[in-house]
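Have a look at the structure below before the remarks.
The values are calculated or read from the model by the stated rules, or taken from the named source; none is laboratory data. Everything numeric in this text was worked out from a predicted model, so none of it was measured. Virtual Cβ from ideal backbone geometry, glycine too; neighbours counted across all protein chains shown. Heavy atoms of the whole protein, side chains included, go into the accessibility calculation; ligands, DNA and RNA do not. Shrake-Rupley method; radii C 1.70, N 1.55, O 1.52, S 1.80 Å.
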Amino acid sequence: MADYYLSTYVDIDPLAYLENLHLRHDQNISLWKLEGDKLSLMHYWELERETREKHHSRSFYNLEHFTLFANQMLAQYGLTLNNMKEIIGSPKISTCSINEYGSYLDYPNIAYHSIAHLFSSILSDTDVFQSEKIIALSLDGSPDKVLDTCENQNYFCGSYSENGIIKDVFAVSSPAVLWNNAKYICGLEEGTLMALATACESEATMPIPPYFTIKNEKDIWLKAAPLNKYMNELKNTVWKLDLFCETAMKIPFDKRFTEEENRISIFMKEIIKLSITILENDINKIIEHFDLNAGECCLSMSGGFALNCPTNSYLMNKYGFKRFIAPPCVNDGGISLGYGLYYFWKQNPKIKFRLGSAFYGDEDTLLPITSYKTDYSDIIKDISEIDIDYDRVVNDIINYPIVWFSGRAEIGPRALGNRSLLADPRKKESKDILNHIKQRQWWRPVAPIVLLEDVSEWFDNADESPYMLRIFKIKESKRHLIPSIAHMDNSARLQTITLEENATLYWLLKAFKKKTGVPILCNTSLNDRGEPIINRISETLDFSIKKKIPVVYANQYRIEMMDNVSNITFQNANNRGFDFDRYIESIGDKEKLKAVYNPYKLSRNVLHIYYTSGTKNKLEITNARQAEIIEYMALSWETAFFENI
């Protein structure tokens, strides 16, 4: 008989909801089925896909609010929260104590948040965990403070395991902190900074950066921390550089980019060097301490920093690790996966589980052809309900990028072939068209999907990369054939595909190869700038008509869109997922509720610091005197923070 479990990375707090405080971002929920010692992931909900709020970070108002959401999601399986044997991971929701599912008794000096990242990766395939030596690093910017107080805790961790036995879990330094600071300094998201660092060629002659230990709160926020001093000095140095001085510049000013972009690229190249120094120091210590041969070990990466593909590939190449291990949701979008795997491993260290693919998200099959022909007759030219004609799909791709909506959604922040824009990699203009559709900078790279069986023929030293977390150089002899997927340095952040992982996409690639000789397609996520990846067919049609994309494939349907249609909004465009604010609208006036929970009108910034600095467990905001203390402490903390960033 099967038992069902829910692991949750969400938050319930009325004031946090009312004041729009962001206590946990990229919230997510995992539904599990356990039969004996066999564990299966049934469904993975990333809240941003359901609420359409990018990086969904808002708290639920109360338990009833969460229950409405969870039961709506579970209904497709004929389940409710009452059918769950246990619910873990979030206060006010969990049905067992934190000591039963958390890590505080096992690893009291490590943040539970970091342990969750760690286990989301090392247990993503228990056969590999039970049979291999694994060096694992869990690296992100900082833990959330919903469960972790972070007092006397290290933020980030690593581990070494051998044949299913974890030999040790220990604190490590995380370069993600550097990238968080760089985000404030440069005003760009980490992914854009990563791309610009390699796209723009200019590089200055700079001194070797110092080494920093970045393990806990004191390392990050201490006012005189040398890390903050170094980054501010580096910024000042780079922004004062004469970019046309030959002695100052290792590689001259890149005329393809603006002066600001050149300076940011130079700055980020130094941050990358420092990031690598930090990682090499920890990996070298692990190898030396356990007397390891790196070539016999797998490298496991998790946490938001694991989205840094160039660094992942650098480490694999330098140390010659046997295998790269990571889930598709390495960022905080994967925490509920880690919560669940750690919990089940605590109950039974011989648990059997294999993630196997990224396709655990929602599936939308509701496309009644007669309804869509009637409701959307003003924007749809034709709908064909047929088995996929791969030759026709290939011809459509050759003509112009297509919208590709197939089966269950992938989990994680990257499109892996089921919610994608697909294009012809042989055409240089494909990248330009896709970047225009996505409203991105011209130099942003477009990722390739490639048949795993052919990857070594097209990329140097390449092997499997199912979740687009590594880069490889395009073979020199092939570069002229696939110009649209090449980064400026002729590398590509690729995704490999096999028949087992995604049969539909596999056969499409086979058909494209048969027609063109190229086993590769351009792939970018199906979303507009600043929006979550599209989750439903109605959203797909809305996007396609807005972006003037002529052909959409939605499961077994080929949909041809009308030309020259603008300013169309579907009648049911908002009837999707979960309306996050409908519940509060039904129970009372929002401003009156704020007065109850925040009677002294503390500002949103003060409240955020109150929740995330540990003060919440010590002082009460509904007490007049304590509210004054909270405001004073928050102001002092905020001043120190901005002085050092």
- Query: Of the residues E189, E203, E162, E151, which is within 18 Å of the chain's Cα centre (by Cα) and among the acidic types (D, E)?
  - Reply: E189
- Query: Where in the range 27-120 are there strands (runs of 3 or more DSSP E), lying wholly inside it, with at least 1 residues that are within 22 Å of A358 (Cβ to Cβ), modelled with pLDDT of 95 or more and not acidic (D, E)?
  - Reply: 28-35, 38-46
- Do we find a residue being polar (S, T, N, Q), modelled with pLDDT of 95 or more and part of a loop (DSSP other than H, G, I, E, B) anywhere in the range 301-311? yes
- Message: Of the residues L279, L227, L234, only one is surrounded by 15 or more Cβ atoms within 10 Å (Cβ to Cβ) and more than 26 Å from the chain's Cα centre (by Cα); which?
- Response: L234
- Scanning the range 470-498 residue by residue, those over 21 Å from F324 (Cβ atoms), modelled with pLDDT of 95 or more and surrounded by fewer than 19 Cβ atoms within 10 Å (Cβ to Cβ) turn out to be E476, S477, K478, R479, H480, L481, P483
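Yes/no per residue for (1) at pLDDT 90 or above; (2) open to solvent by less than 10 Å² (accessible area, probe 1.4 Å); (3) not polar (S, T, N, Q):
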{"residue": "L147", "(1), (2), (3)": "yes, no, yes"}
{"residue": "C150", "(1), (2), (3)": "no, yes, yes"}
{"residue": "N154", "(1), (2), (3)": "yes, no, no"}
{"residue": "V169", "(1), (2), (3)": "yes, no, yes"}
{"residue": "V172", "(1), (2), (3)": "yes, yes, yes"}
{"residue": "G187", "(1), (2), (3)": "yes, no, yes"}
{"residue": "T192", "(1), (2), (3)": "yes, no, no"}
- Message: Can you tell me which residue is farthest from the chain's Cα centre (by Cα) among those in the range 1-35 that are open to solvent by 10 Å² or more (accessible area, probe 1.4 Å) and of a type in the set (F, W, Y)?
- Response: Y4
- Got a number for residues in the range 431-459 being open to solvent by less than 60 Å² (accessible area, probe 1.4 Å) and touching an Asp or Glu at 6+ places or on another chain (Cβ under 9 Å)? 6
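Working only within the range 460-469, note down all residues that are open to solvent by 10 Å² or more (accessible area, probe 1.4 Å) and touching a helix residue (DSSP H, G or I) at 6+ places or on another chain (Cβ under 9 Å). Before the answer, list the steps.
Going through the range 460-469, the residues open to solvent by 10 Å² or more (accessible area, probe 1.4 Å) turn out to be 460-464, 466-467.
The answer is D460, N461, A462, D463, E464, P466.
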- Note on the structure: With criteria (1) at pLDDT 95 or above; (2) in contact with a Phe, Trp or Tyr (Cβ under 8 Å, 6 or more places away or on another chain), K322 comes up short on (2)
- Message: I'd like to verify a number: residues in the range 198-224 that are over 22 Å from S265 (Cβ atoms), of a type in the set (D, E, K, R) and either at pLDDT 85 or above or buried (at least 17 other Cβ atoms within 10 Å of the Cβ) (or both), how many?
- Response: 3
- Only residues in the range 11-22 that are of a type in the set (V, I, T) count as the first member; pair them with residues that are open to solvent by 10 Å² or more (accessible area, probe 1.4 Å), Cβ under 8 angstrom, at least 6 apart or cross-chain, and list the lot. I12/Y61; I12/N62; I12/L63; I12/P91; I12/K92; I12/I93
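So that you can scan it fast, the table gives a plain yes or no per residue for (1) assigned to a helix (DSSP H, G or I); (2) hydroxyl-bearing (S, T, Y); (3) under 30 Å from W442 (Cβ atoms):
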site	(1), (2), (3)
L227	yes, no, no
N232	yes, no, no
K235	yes, no, yes
F253	no, no, yes
I278	yes, no, no
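Within the range 66-75, take every residue that is open to solvent by 60 Å² or more (accessible area, probe 1.4 Å) and touching a residue at least 12 places away in the same chain (Cβ under 8 Å) and give me the one that is farthest from K590 (Cα to Cα).
First, the residues of the range 66-75 that are open to solvent by 60 Å² or more (accessible area, probe 1.4 Å): 68, 72, 75.
From the residues that got through so far, the ones that are touching a residue at least 12 places away in the same chain (Cβ under 8 Å) too are 68, 72.
Working: L68: 19, Q72: 24 Å.
This residue is Q72.
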- Could you please tell me which pairs satisfy a Cβ distance under 7 Å, a separation of 6+ or placement on different chains, a first residue in the range 47-65 that is under 16 Å from N20 (Cβ atoms), and a second residue that is of a type in the set (S, T, Y) and open to solvent by less than 20 Å² (accessible area, probe 1.4 Å)? R58/Y17; S59/Y17; F60/Y17; Y61/Y17
